[in-house]
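Encoded as structure tokens, the structure appears first; notes follow it.
The values are calculated or read from the model by the stated rules, or taken from the named source; none is laboratory data. On a predicted model such as this, the values are computed, not experimentally measured, just so you know. In this analysis, Cβ positions are derived from the backbone assuming ideal geometry, glycine residues included, and neighbour counts consider all displayed protein chains. The area values use the complete protein model at the heavy-atom level, side chains included, leaving out ligands, DNA and RNA. Shrake-Rupley method; radii C 1.70, N 1.55, O 1.52, S 1.80 Å.
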Amino acid sequence: MFNKILIANRGEIACRILRACKEAGIEGVAIHATNDTGTLFTELADTAIQLEGEGLAETYLNQQQILDIAIANDCDSIHPGFGFLSERADFAQAVMDAGLIWVGPSPAAITKMGDKMTARITMKAAGVPVIPGKEVEGGLEEVLAVAPLVGYPLLLKATSGGGGKGMRAVHDAANLESEAKAAMREALNAFGDDRIYVERLLTGSRHIEIQVLADKYGRTIHLGERECSVQRRHQKVFEESPSVALDAELRESMGQAACAAAEAVNYEGAGTVEFLVTPSGEFFFLEMNTRIQVEHPVTEMVTGVDLVREQLRIAGGKPMSCGPLAMRGHAI
């Protein structure tokens with residue numbers, strides 16, 4: 001598939017990718033900031049190269065420096081891991097423009113799923129159920145106008161959001177304007193984009209995510225769910241598979257919806273489609289993570305599928321090697 005891969009990340013996920021590379025007979029090149037010198041991932045790599053500069057902007061987020069290192073060291077591909085540059089469509093495009101292989105989905109897929117309003121519109125067109133709400137293009141005044149149409153309680157969400165930033169629950173009209181302004185300020189500070197939209201607040205729902213794989217040969221499969229309802233400040237704390245809330249029929253329905261979501265953006269590689277599931281068993285699309293996730297080993301433990309190895313196979317032009325979903329045991 002590849003001869004040499006640069007891992008544009010650090011820590012645990014760099015170790016994980018290096019393990020997959022070693023098992024596949026691929027050389028792994030690690031990059032590291034000064035204060036990561038001598039840490040485990042640099043020791044596991046075939047080659048470890050120190051980045052110039054201080055702070056994240058000058059090191060792990062420095063696209064040009066990372067590309068220069070990859071080219072200078074005869075790498076044929078870049079794996080971004082999670083976080084950092086993994087969901088930056090401009091970096092994915094720059095990697096491809098440099099003649100290297102990007103281990104991940106296309107820049108177009110990253111862009112469509114990274115903008116939550118665009119993702120909602122795309123999912124509706126694909127027949128994937130989305131949370132009742134309204135897309136907003138006109139700023140604060142339009143938010144104030146459409147909120148009563150959505151109904152209370154409602155959730156204000158940042159279009160470019162993630163990690164709970166730029167998100168506010170509103171239970172009555174008296175707090176709408178102040179919460180909308182707060183959400184827009186937080187979104188602007190966190191993402192450089194103050195756009196927000198409006199969704200119904202689905203109380204008592206579970207947060208369930210479905211792992212998907214898609215290759216270049218038109219095959220898209222799901223690998224079951226991860227239950228991630230236990231959260232603190234919208235950050236996942238505890239994940240397990242399978243979920244006690246899903247039976248085989250609901251699992252398959254959500255799995256097929258997740259596959260439809262991936263196919264709607266011509267997805268390739270490993271990705272995760274997140275849903276909210278109501279107490280009555282209805283489910284709604286929340287977002288798609290266009291990368292490997294922190295919690296991917298939970299799925300690997302119950303399916304026996306090496307997701308990083310599959311990422312490498314798919315990016316290298318091979319069909320995925322795993323068959324139909326077969327879950328065994330329980331992982332936390």
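Is it the case, given these coordinates, that Val198 is over 17 Å from the mean Cα position of the chain (by Cα) and assigned to a strand (DSSP E or B)?
Considered against the rule, which asks whether it is over 17 Å from the mean Cα position of the chain (by Cα) and assigned to a strand (DSSP E or B), Val198 comes out as yes.
Tell me which residues, restricted to segment 45-61, are within 25 Å of the chain's Cα centre (by Cα), of a type outside the set (Asp, Glu) and open to solvent by 30 Å² or more (accessible area, probe 1.4 Å).
Result: Gly55, Leu56, Ala57, Leu61.
Kindly list the number of the only condition in (1) of a type in the set (A, V, I, L, M); (2) within 23 Å of Glu310 (Cα to Cα); (3) open to solvent by 30 Å² or more (accessible area, probe 1.4 Å) that fails for Leu213.
Of (1) of a type in the set (A, V, I, L, M); (2) within 23 Å of Glu310 (Cα to Cα); (3) open to solvent by 30 Å² or more (accessible area, probe 1.4 Å), only one is false for Leu213: (3).
Report, by residue number, each residue of segment 139-158 that is open to solvent by less than 50 Å² (accessible area, probe 1.4 Å) and either of a type outside the set (A, V, I, L, M, F, W, C) or over 22 Å from Val265 (Cα atoms) (or both). First the steps, then the outcome.
Initially, segment 139-158 is screened for residues open to solvent by less than 50 Å² (accessible area, probe 1.4 Å), giving 139-140, 143, 146-147, 150-151, 153-158.
Residues satisfying the conditions are Gly139, Leu140, Val143, Val146, Ala147, Val150, Gly151, Pro153, Leu154, Leu155, Leu156, Lys157.
One residue is enough: does segment 120-128 have a residue meeting the conditions open to solvent by less than 20 Å² (accessible area, probe 1.4 Å) and assigned to a helix (DSSP H, G or I)?
Of segment 120-128, the ones open to solvent by less than 20 Å² (accessible area, probe 1.4 Å) are 120, 123, 128.
From what is left, the residues that are assigned to a helix (DSSP H, G or I) are 120, 123.
Looking for residues that are open to solvent by less than 20 Å² (accessible area, probe 1.4 Å) and assigned to a helix (DSSP H, G or I), one finds at least one in segment 120-128, hence yes.
Pick from segment 183-226 the residues that are closer than 22 Å to Lys157 by Cβ and in contact with a Pro (Cβ under 8 Å, 6 or more places away or on another chain): which of them is modelled with the lowest pLDDT?
Thr203
Say we look at segment 74-88 and pick out the residues that are surrounded by 19 or more Cβ atoms within 10 Å (Cβ to Cβ) and of a type in the set (Gly, Ala, Ser); which of these is farthest from Thr159 (Cα to Cα)?
Out of the qualifying residues, it is Ser77.
Quick one: is Ala70 closer than 18 Å to Ile292 by Cβ and either over 24 Å from the mean Cα position of the chain (by Cα) or at pLDDT 95 or above (or both)?
Taking the combined requirement at face value, the residue does not satisfy it.
Kindly provide the set of residues from segment 14-44 that are open to solvent by 30 Å² or more (accessible area, probe 1.4 Å), assigned to a helix (DSSP H, G or I) and of a type in the set (D, E, K, R), ordered by number.
Listed by number, the residues that qualify are Arg19, Lys22, Glu23, Glu43.
If you scan segment 159-178, which residues turn out to be small (Gly, Ala, Ser) and either within 18 Å of Glu142 (Cβ to Cβ) or assigned to a helix (DSSP H, G or I) (or both)?
The first filter runs over segment 159-178 and keeps only residues small (Gly, Ala, Ser), leaving 160-164, 166, 169, 173-174, 178.
Those that are small (Gly, Ala, Ser) and either within 18 Å of Glu142 (Cβ to Cβ) or assigned to a helix (DSSP H, G or I) (or both): Ser160, Gly161, Gly166, Ala173, Ala174, Ser178.
Would you pick out the residues in segment 284-311 that are over 13 Å from His222 (Cβ atoms), in contact with a helix residue (DSSP H, G or I) (Cβ under 6 Å, 6 or more places away or on another chain) and not charged (D, E, K, R)?
Correct list: Phe285, Thr290, His296, Val308.
Here is a yes/no grid of residues against (1) within 16 Å of Gly104 (Cβ to Cβ); (2) over 16 Å from the mean Cα position of the chain (by Cα); (3) among the hydroxyl-bearing types (Ser, Thr, Tyr):
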site: Pro279; (1), (2), (3): no, yes, no
site: Phe284; (1), (2), (3): no, yes, no
site: Glu295; (1), (2), (3): no, no, no
site: Asp306; (1), (2), (3): no, yes, no
site: Ala315; (1), (2), (3): yes, yes, no
site: Pro319; (1), (2), (3): no, yes, no
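Conditions first: (1) part of a helix (DSSP H, G or I); (2) modelled with pLDDT of 95 or more; (3) open to solvent by less than 40 Å² (accessible area, probe 1.4 Å). Gly104 passes all but one, so which condition is the exception?
The number of the failed condition is (1).
Only one of Val128, Val146, Val95, Val103 is β-branched (Val, Ile, Thr) and farther than 30 Å from Leu312 by Cβ; which? Steps first, answer last, please.
Values: Val128 fails: farther than 30 Å from Leu312 by Cβ; Val95 fails: farther than 30 Å from Leu312 by Cβ; Val103 fails: farther than 30 Å from Leu312 by Cβ.
Of the residues listed, the single one that is β-branched (Val, Ile, Thr) and farther than 30 Å from Leu312 by Cβ is Val146.
Within the group Phe2, Phe91, which residue is touching a Leu at 6+ places or on another chain (Cβ under 9 Å) and part of a loop (DSSP other than H, G, I, E, B)?
Numbers: Phe91 fails: part of a loop (DSSP other than H, G, I, E, B).
Testing whether each residue is touching a Leu at 6+ places or on another chain (Cβ under 9 Å) and part of a loop (DSSP other than H, G, I, E, B) leaves just Phe2.
Go through segment 201-224 and give me each residue that's out of contact with any Ser or Thr (no Cβ under 9 Å at 6 or more places or on another chain), among the aliphatic types (A, V, I, L, M) and in a strand (DSSP E or B).
Residue satisfying the conditions is Ile221 alone.
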